[in-house]
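Please read the structure below before turning to the comments.
The values are calculated or read from the model by the stated rules, or taken from the named source; none is laboratory data. Note that the structure is a prediction, hence the values are computed from the model and not measured. In this analysis, Cβ positions are derived from the backbone assuming ideal geometry, glycine residues included, and neighbour counts consider all displayed protein chains. Ligands, DNA and RNA are excluded from the accessible area calculation, which covers all protein heavy atoms including side chains. Shrake-Rupley method; radii C 1.70, N 1.55, O 1.52, S 1.80 Å.
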Amino acid sequence: MIFQDIIFYFFSTVLIASALGVITVRNPVYSALLLVLAFVTCAGLWLLLEAEFLAITLVLVYVGAVMVLFLFVVMMLDINLDKLREGFWKWFPLGGLVALVMVVEIAMIMFGQYFSLEEMPAPEPKAADYSNTKELGRLLYTEYVYAFELAAVLLLVAMIAAIALTLRHREDKKSLDIAKQVSVKKEDRLRIVSMQADKKN
């Protein structure tokens, strides 16, 4: 077993343990911290696959921004854990059924021939000057440019929809009527008054 395999199994073990800890610990703060650990170890696995751009993006975006913000929100909220556990046994059979289906699907994929060396051979080692970021950018803006732009438009529509759904109309809210603002004329806003000039003696 080479050193790279040892690192892979170490990161995989930590990732599985932290992922299980996210859904099993009782304290939501500990759960968020374990999720941060899962993201960091997953970034280590991306580095082993020579995908350094995806690894640093995972650390900067999810660990550095999303999870830190989520952790602050969890720490500021006064979460009543007893109230959250009230409907646990009510939905346990349905949750167990969904979990069982997911385990069966994962087992069918893992123990099948989909990830064998014949179907997915090991990638060839890249040169020292190989840039994963450059190759990813070249693929995104050449072969997958339409899918990339479509994803950007979908995210923009989702942001606009979230703002529109959470907008509350209040009486004391000040807003602009764009239609009235565009159709205004100078006669409505400007009035010229003729005044006598003051003459100093």
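Residues to consider are 136, 154; find the one that is open to solvent by 100 Å² or more (accessible area, probe 1.4 Å), closer than 30 Å to residue 52 by Cβ and in a helix (DSSP H, G or I). Before you say what the answer is, go through the steps one by one.
Values: 136 fails: open to solvent by 100 Å² or more (accessible area, probe 1.4 Å).
Going through 136, 154 in turn, the sole match is 154.
Filter the range 1-26 down to residues that are among the aliphatic types (A, V, I, L, M) and not in a helix (DSSP H, G or I) and give me whichever is least open to solvent (accessible area, probe 1.4 Å).
That would be 25.
Regarding residue 125, is this residue open to solvent by less than 100 Å² (accessible area, probe 1.4 Å) and more than 23 Å from the chain's Cα centre (by Cα)? It would help to see each step written out before you state the result.
On the way: open to solvent by less than 100 Å² (accessible area, probe 1.4 Å): no; more than 23 Å from the chain's Cα centre (by Cα): yes.
No, not satisfied.
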(request) Given the conditions (1) exposed (fewer than 10 other Cβ atoms within 10 Å of the Cβ); (2) under 21 Å from the mean Cα position of the chain (by Cα), report the number of the one that residue 178 does not fulfil. (result) (2)
(message) Quick check on my filter: what residues within the range 139-151 are of a type outside the set (Ser, Thr, Tyr) and loosely packed, with under 10 Cβ neighbours inside 10 Å?
(response) none
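If you check 165, 190, which single one turns out to be farther than 29 Å from residue 57 by Cα, exposed (fewer than 10 other Cβ atoms within 10 Å of the Cβ) and within 23 Å of the chain's Cα centre (by Cα)?
Working: 190 fails: within 23 Å of the chain's Cα centre (by Cα).
None of the others qualify; the one that does is 165.
Take the conditions open to solvent by 100 Å² or more (accessible area, probe 1.4 Å), of a type in the set (A, V, I, L, M) and within 23 Å of the chain's Cα centre (by Cα) and apply them to residue 108. Does it pass? Give the derivation first.
Values: open to solvent by 100 Å² or more (accessible area, probe 1.4 Å): yes; of a type in the set (A, V, I, L, M): yes; within 23 Å of the chain's Cα centre (by Cα): no.
So residue 108 fails the test.
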(request) Please identify the pairs in which a residue from the range 91-109 that is under 30 Å from residue 119 (Cα atoms) has its Cβ atom under 8 Å from the Cβ atom of a residue that is at pLDDT below 90, counting only partners at least 6 apart or on another chain. (result) 109/115
